[in-house]
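Just below is one structure, and these are the notes that go with it.
The values are calculated or read from the model by the stated rules, or taken from the named source; none is laboratory data. Every value quoted in this text rests on a predicted model; they were computed, and no experiment measured them. Heads up, the Cβs are rebuilt from the backbone with ideal geometry, glycines too, and the neighbour counts pull from every protein chain shown. Ligands, DNA and RNA are excluded from the accessible area calculation, which covers all protein heavy atoms including side chains. Shrake-Rupley method; radii C 1.70, N 1.55, O 1.52, S 1.80 Å.
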Amino acid sequence: MVAACPYRICPLGAHIDHQGGVVTAMTINYGVLLGFVPSNGSEVLLHSGQFEGAIRFRVDDLQKPIDKPENINWGSYAKGAVSALQNSGYDLRKGIIGYISGVKGLDSSGLSSSAAVGIAYLLALEHVNDLVISPVDNIQLDKYIENKYLGLENGILDPSAILLSRYGYLTFMDCKTASPSYVCFSELNKSQQPQGQLPFKILLAFSGLQHNLPKKRGYNTRVSECKEAARALLHASGCEDTPNILCNVDPVVYETQKCVLEENLSRRAEHYFFEMKRVTKGRDAWAHGNLQELGQLISESGRSSILNYECGSKEMIQLYEILLKAPGALGARFSGAGFRGCCLAIVESDRAEDAAAYVRAEYEKAQPELVSRIPADRRVLVCEPGDSARVILPDPHLSS
């Protein structure tokens, strides 16, 4: 059995999921694979394609949250999955024997590889323990892994994308209500279509800089600043008792009260409210098949992430600007948190390879040392939209 969990991209809705905003997402045709079988008892035994050694523990052991970021290792996500299920009242009696592997060069690149790993373990443990858990509930379980077990203050964008995406659709997740909706691209009808019919490709360009969010507190600082901006706006409007997240601030209140915000808090709030507008416009553009408008909105999101959310290193900004100039590029932005990792672009299908060659050459000129760290076949990838996470069962006709 194999738990297949795709990586995800977020075309629009950058950095607003933790504030209860509406985000967009789709998966790609790369991801994490966890091959597994049930163990004879409660033991979990794991090996990894990326890390040395083995992880052993039992599903009936109490898993305590990680107390310090430096104590996180590759086995922490499996233990976090057990902890999430335990604390949600699920009965775990069987462990797994498994081998997990992501795509070399794509881990810690802003493609939500950590969420893909956590979800892979959840699906495997649920399968061997005969637990039937909905995708919406698994979103909350993965959020528990990252928030409660690992100590990362992220939202539900990543698990929502991985668990709910559909090929040919753009997923819209209202992070305040945890309710998804789907919009079909206008040039595809709702009948079954062969893969590969969408008129665009997804370009992923890697910076050579890797990050690990639980160990990078810049992310949590931005989240705290957004909450502080919400607190100031709600206080100014007489709503002191309302939870301090920006989705609870009426846009009219923001416009009339934004003068009370300190400069950096003002930028965080501006990013949130204008990103929400971009998501709304992006929904309409996708529904009408207007890739030019969608791409422009994606690029504007990228620029706001730099200027207002203030993420992105010099190297990431260089890569973003190179992508904007690539032949056939419709729009570009950082992927993931934007502090390291990769940038993405939506490109015209018939110009994707030319765009990839351009980006490879130009970024190597700009950052030759960093590029030398990236495997040659992983510097720029041309990807297709993907589907949702699932457990693949063996074909009974192939068994002896």
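When restricted to residues that are closer than 12 Å to V223 by Cβ and out of contact with any Pro (no Cβ under 9 Å at 6 or more places or on another chain), segment 131-157 contains 4. Residues in segment 314-338 that are under 19 Å from the mean Cα position of the chain (by Cα) and of a type outside the set (D, E, K, R): M316, Y320, G331, A332, F334, S335, G336, A337, G338. Being touching a helix residue (DSSP H, G or I) at 6+ places or on another chain (Cβ under 6 Å) and either assigned by the TED database to the domain that holds L294 or part of a strand (DSSP E or B) (or both) is the filter here; which residues of segment 8-23 pass it? R8, V22, V23, listed by residue number.
Check segment 36-47 and report whether any residue there is assigned to a loop (DSSP other than H, G, I, E, B) and surrounded by 24 or more Cβ atoms within 10 Å (Cβ to Cβ). Checked segment 36-47: no residue is assigned to a loop (DSSP other than H, G, I, E, B) and surrounded by 24 or more Cβ atoms within 10 Å (Cβ to Cβ).
Working only within segment 252-293, note down all residues that are among the hydrophobic types (A, V, I, L, M, F, W, C) and open to solvent by 10 Å² or more (accessible area, probe 1.4 Å). Don't jump to the end; show me each part of the working.
If we filter segment 252-293 for residues that are among the hydrophobic types (A, V, I, L, M, F, W, C), which is where we start, we get 252-253, 259-261, 265, 269, 273-274, 276, 279, 285-287, 291.
Within segment 252-293, V252, V253, C259, V260, L261, L265, F273, F274, M276, A287, L291 meet the criteria.
Could you tell me whether any residue of segment 309-328 is open to solvent by less than 30 Å² (accessible area, probe 1.4 Å), farther than 19 Å from L291 by Cα and free of Cβ contacts under 8 Å to residues at least 60 places away in the same chain?
The first filter runs over segment 309-328 and keeps only residues open to solvent by less than 30 Å² (accessible area, probe 1.4 Å), leaving 309, 311-313, 316, 319-320, 322-323, 326, 328.
Of the ones still in play, those that are also farther than 19 Å from L291 by Cα are 309, 311-313, 316, 319, 322.
Narrowing the set further to residues that are free of Cβ contacts under 8 Å to residues at least 60 places away in the same chain leaves 312.
Yes.
Checked against (1) at pLDDT 95 or above; (2) over 23 Å from the mean Cα position of the chain (by Cα), D395 meets all criteria but (1).
Of all the listed residues (A345, A389, A356), the sole one being within 21 Å of C5 (Cα to Cα), of a type in the set (A, V, I, L, M, F, W, C), modelled with pLDDT of 95 or more and surrounded by 18 or more Cβ atoms within 10 Å (Cβ to Cβ) is A389.
Out of all the residues in segment 232-244, which are farther than 17 Å from G21 by Cβ and open to solvent by 30 Å² or more (accessible area, probe 1.4 Å)? Hits for segment 232-244 are H235, A236, S237, G238, C239, E240, D241.
For V382, state whether it is open to solvent by less than 20 Å² (accessible area, probe 1.4 Å), touching a helix residue (DSSP H, G or I) at 6+ places or on another chain (Cβ under 7 Å) and at pLDDT 95 or above. Walk me through it before giving the result.
Working: open to solvent by less than 20 Å² (accessible area, probe 1.4 Å): no; touching a helix residue (DSSP H, G or I) at 6+ places or on another chain (Cβ under 7 Å): yes; at pLDDT 95 or above: yes.
Against the criterion (open to solvent by less than 20 Å² (accessible area, probe 1.4 Å), touching a helix residue (DSSP H, G or I) at 6+ places or on another chain (Cβ under 7 Å) and at pLDDT 95 or above), V382 does not qualify.
Let's see how each residue does on (1) of a type in the set (F, W, Y); (2) at pLDDT below 95:
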site	(1), (2)
Y272	yes, no
T280	no, no
A287	no, yes
S313	no, yes
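Within segment 110-153, the set of residues being part of a helix (DSSP H, G or I), open to solvent by 40 Å² or more (accessible area, probe 1.4 Å) and not β-branched (V, I, T) comprises H127, P135, D137, Q140, K143, Y144, K148. Scanning segment 64-105 for residues that are polar (S, T, N, Q), open to solvent by 20 Å² or more (accessible area, probe 1.4 Å) and touching a residue at least 24 places away in the same chain (Cβ under 8 Å) returns Q86, N87, S88, S101.
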